[in-house]
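Below: the structure, in structure tokens.
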Amino acid sequence: MTKPTLLLLLISLLLFSCKDHANQEENKLPRIAIAGIGIESSTFSPAQTEEAAFHARIGDSIFNRYSFFDAGSDFRQRAVWIPTLLGKSIPGGIVTREAYESMVSKTLKMLEEGKPYDGLFFDIHGAMSVVGLEDAEGDLITRIRKVVGPDVLISTSMDLHGNVSQTLAHESDLITCYRMAPHEDALESKERSVRLLLERLESGKGKPAYKAWVPVPILLPGEKTSTRIEPGKSLYAKVPDVADQDGVIDAAIWIGYAWADEPRNHAVVMVTGDDKEKVKAGAEKLANAFWDVRNKFEFVAPVGTLEESLQLALKSDKKPFMISDMGDNPTAGGAGDVTWTLQQLLSRPEFKKENGPSLIYASIPGPDLVEKALKAGEGNKVTGTVGAAVDHRFAPPLVITGTVEAIREGDRDAEVEVVVKVGSIHVIVTKKRKPYHYKKDFTDLGLDPTQSDIVVVKIGYLVPELYNMRGDWIMAMTPGGVDQDLERLGYKNIKRPMFPLDKDMEKPDLSARLIPASDE
């Protein structure tokens with residue numbers, strides 16, 4: 001054999017050995033799937049949510065949602081990841097059955113093709129309602145279980161405004177949720193969910209020996225349970241004390257979702273771990289702490305009627321004076337197109353003249369006006385119809401005339417945004433509904449909210465960037481699908497008694513229920 005031939009043979013053997021070693025190393029790593037569908041769905045809104053609203057990511061594009069999955073990250077190296085489908089929608093109305101079944105069938109098909117698995121990262125919100133289902137997330141995880149099998153370790157990550165039914169608690173092995181509202185720890189919570197999943201697989205400990213579930217008959221809106229203020233701040237501060245104990249894996253408190261009418265809509269406490277007594281005692285401690293402060297929850301900011309809110313704003317010298325148009329908040333599930341507040345604003349004499357108090361209204365869907373504004377162009381007059389195409393229960397569609405000050409195309413949610421100046425009001429009109437959370441949302445349209453006298457936003461409690469921007473702030477009790485006056489909603493299916501709807505109810509049984517393991 002010649003030297004060149006021998007050299008080539010040795011190189012081939014070396015490459016084969018390296019490849020074989022890499023394959024062996026990969027075979028040792030756990031195989032973990034990623035899947036989830038997330039939305040907050042109001043059943044008190046006439047809106048329905050279609051599949052397109054979820055902007056579903058398929059395969060490796062899912063990694064882009066999580067910084068801890070960056071290429072080369074520790075998490076990426078510790079497992080063979082099989083991302084399937086991840087659909088996330090801004091909150092809205094009930095999901096159509098067709099949209100749900102379409103996403104579920106795609107998910108199950110990909111999960112079937114990628115088998116076998118050791119684990120699954122189940123990333124959901126927890127407040128999805130679907131036409132014809134009482135427990136959408138419970139249905140989803142049950143169907144996933146049938147594909148992946150009972151032995152697979154499922155780690156469920158949720159919003160604290162989600163709902164945990166007994167079905168979801170049973171089929172989940174590890175389960176956690178955010179500890180902050182607003183959700184500044186969302187990514188941190190998802191990372192914790194993945195880290196705990198990896199640790200249980202790598203250590204061989206697998207499923208927790210115990211899962212304690214405590215339903216707490218309290219149903220409150222997020223605007224009263226923010227962790228920025230008491231008692232939510234101190235209540236959630238107790239969670240790490242339970243979660244960080246030896247023998248406990250994690251602990252969580254779910255506020256639940258107030259704007260859906262299903263038996264699972266109420267608060268829940270869950271603790272998972274291997275020490276039976278610590279798991280049970282921890283869950284009962286948190287549940288009782290929640291019940292004990294139930295009467296102390298108040299709105300996170302001053303609250304008033306729209307008239308009272310405007311009177312305060314017009315008298316204030318603090319800029320911007322922010323008013324939350326709460327009843328139609330699209331970040332909580334409102335249709336986003338209720339015109340009631342905008343109708344009131346446009347009828348007020350203070351804002352009729354161009355040099356009146358400056359006000360930004362964000363926002364109202366109006367595809368008719370948007371189409372006409374695109375034809376008219378910036379700087380020209382436009383007349384078009386906005387709002388109430390979906391939710392016209394409180395006010396009709398509005399015909400407004402004003403000057404087109406800005407047009408922006410290409411936004412993922414709004415598609416097209418138009419700023420129309422009517423008197424001293426800058427109305428942001430969108431082709432499709434869009435929540436406005438960031439200063440950039442305004443400045444991209446040529447608006448500086450910090451220099452406006454008043455900013456009216458369809459939102460409940462202000463998200464961090466708006467909160468830090470405010471000169472002053474009040475939340476207006478306006479009508480819509482996420483009305484803050486829960487007694488006006490007309491619940492029929494939630495479990496009763498329920499605080500605060502039944503204020504004088506006796507103390508409930510807050511003893512921990514031990515939920516069987518998912519393979520039992």
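The values are calculated or read from the model by the stated rules, or taken from the named source; none is laboratory data. Keep in mind the model is a prediction, meaning the values are calculated, not measured. With ideal geometry, Cβ positions are generated from the backbone for all residues, glycine too; neighbour counts draw on all protein chains shown. Just so you know, the surface numbers come from the protein's heavy atoms only, side chains and all, with ligands and any DNA or RNA stripped out. Shrake-Rupley method; radii C 1.70, N 1.55, O 1.52, S 1.80 Å.
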Discussion item. Which residue is farthest from Y257 (Cα to Cα), if the candidates are limited to the stretch 86-113 and must be open to solvent by less than 10 Å² (accessible area, probe 1.4 Å) and part of a helix (DSSP H, G or I)?
Written reply: L111
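Among the residues of the stretch 332-348, which ones are in contact (Cβ under 8 Å) with a residue 40 or more places away in the chain and open to solvent by 20 Å² or more (accessible area, probe 1.4 Å)? Show your work before the answer.
Restricting attention to the stretch 332-348, the residues satisfying the condition of being in contact (Cβ under 8 Å) with a residue 40 or more places away in the chain are 332-343, 345-346.
The answer is W340, Q343, L346.
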Worksheet item: Somewhere in the stretch 194-211, is a residue open to solvent by less than 10 Å² (accessible area, probe 1.4 Å), under 23 Å from D509 (Cα atoms) and more than 22 Å from the chain's Cα centre (by Cα)?
Response: yes
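In the stretch 56-85, which residues are part of a loop (DSSP other than H, G, I, E, B) and either touching a strand residue (DSSP E or B) at 6+ places or on another chain (Cβ under 7 Å) or hydrophobic (A, V, I, L, M, F, W, C) (or both)? Break it down into steps so the answer makes sense when it comes.
Keep residues of the stretch 56-85 that are part of a loop (DSSP other than H, G, I, E, B), which gives 56, 66, 70-73, 78-79.
Within the stretch 56-85, A56, A71, A79 meet the criteria.
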Fill in: Options N265, N329: the member that is in contact with a Phe, Trp or Tyr (Cβ under 9 Å, 6 or more places away or on another chain) and surrounded by 18 or more Cβ atoms within 10 Å (Cβ to Cβ)
N265
Worksheet item: Is it fair to say L168 is surrounded by 23 or more Cβ atoms within 10 Å (Cβ to Cβ) and either touching a His at 6+ places or on another chain (Cβ under 9 Å) or assigned to a helix (DSSP H, G or I) (or both)?
Response: yes
Discussion item. Would you confirm whether or not the stretch 114-128 contains a residue that is on the phi > 0 side of the Ramachandran plot, in a loop (DSSP other than H, G, I, E, B) and open to solvent by less than 40 Å² (accessible area, probe 1.4 Å)?
Written reply: yes
Item to complete: Among the residues of the stretch 265-280, write down those that are touching a residue at least 60 places away in the same chain (Cβ under 8 Å) and in a helix (DSSP H, G or I).
Response: K276, V279, K280
Worksheet item: Given (1) touching a Phe, Trp or Tyr at 6+ places or on another chain (Cβ under 6 Å); (2) in contact (Cβ under 8 Å) with a residue 24 or more places away in the chain, where does D185 come up short, assuming only one miss?
Response: (2)
Worksheet item: Which residue pairs have Cβ atoms closer than 6 Å, lie 6 or more positions apart in sequence or on different chains, and pair a first residue in the stretch 95-115 that is farther than 11 Å from I37 by Cβ with a second residue that is surrounded by 16 or more Cβ atoms within 10 Å (Cβ to Cβ) and polar (S, T, N, Q)?
Response: T96/Q48; M110/T84; L111/T84
Fill in: For S452: the one exception among (1) in contact (Cβ under 8 Å) with a residue 60 or more places away in the chain; (2) within 21 Å of E354 (Cα to Cα); (3) touching a helix residue (DSSP H, G or I) at 6+ places or on another chain (Cβ under 8 Å)
(3)
Worksheet item: Looking at (1) within 22 Å of E223 (Cα to Cα); (2) in contact with a Ser or Thr (Cβ under 9 Å, 6 or more places away or on another chain), which is the only condition N163 fails?
Response: (2)
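One line per residue, one yes/no per condition, for (1) crowded, with 18+ Cβ neighbours inside 10 Å; (2) not hydrophobic (A, V, I, L, M, F, W, C):
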{"residue": "T443", "(1), (2)": "no, yes"}
{"residue": "T450", "(1), (2)": "no, yes"}
{"residue": "N468", "(1), (2)": "no, yes"}
{"residue": "Q484", "(1), (2)": "yes, yes"}
{"residue": "N493", "(1), (2)": "no, yes"}
{"residue": "K507", "(1), (2)": "no, yes"}
{"residue": "L510", "(1), (2)": "yes, no"}
{"residue": "E520", "(1), (2)": "no, yes"}
Worksheet entry | Conditions (1) hydrophobic (A, V, I, L, M, F, W, C); (2) at pLDDT below 95; (3) closer than 26 Å to G256 by Cβ; number of the one not met by A53 | (2)
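For the structure I just gave you, tell me whether G232 is more than 20 Å from D502 (Cα to Cα), modelled with pLDDT of 95 or more and open to solvent by 10 Å² or more (accessible area, probe 1.4 Å).
So G232 fails the test.
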Response to the item:
Counting only residues in the stretch 472-482 that are in a loop (DSSP other than H, G, I, E, B) and of a type in the set (A, V, I, L, M), the one most open to solvent (accessible area, probe 1.4 Å) is identified as M477
Worksheet entry | Subset tally (residues that are assigned to a loop (DSSP other than H, G, I, E, B) and touching a residue at least 24 places away in the same chain (Cβ under 8 Å)) for the stretch 209-255 | 17
Worksheet, complete the sentence: So, first residue closer than 20 Å to V239 by Cα and free of Cβ contacts under 8 Å to residues at least 40 places away in the same chain in the stretch 160-179, second residue assigned to a helix (DSSP H, G or I) and open to solvent by 10 Å² or more (accessible area, probe 1.4 Å), Cβ within less than 7 Å, six or more apart or across chains; the pairs are Y178/A186
Worksheet entry | Filter result for the condition that a residue is open to solvent by 30 Å² or more (accessible area, probe 1.4 Å), at pLDDT 95 or above and more than 26 Å from T49 (Cα to Cα), over D139, D151 | D151
Practice prompt. Filter the stretch 349-386 down to the residues that are under 21 Å from S452 (Cβ atoms) and among the hydroxyl-bearing types (S, T, Y), then identify the one that is surrounded by the most Cβ atoms within 10 Å (Cβ to Cβ).
Written response: S363
Practice prompt. Take the stretch 114-128 and flag every residue that is over 16 Å from I154 (Cβ atoms) and touching a helix residue (DSSP H, G or I) at 6+ places or on another chain (Cβ under 6 Å).
Written response: M128
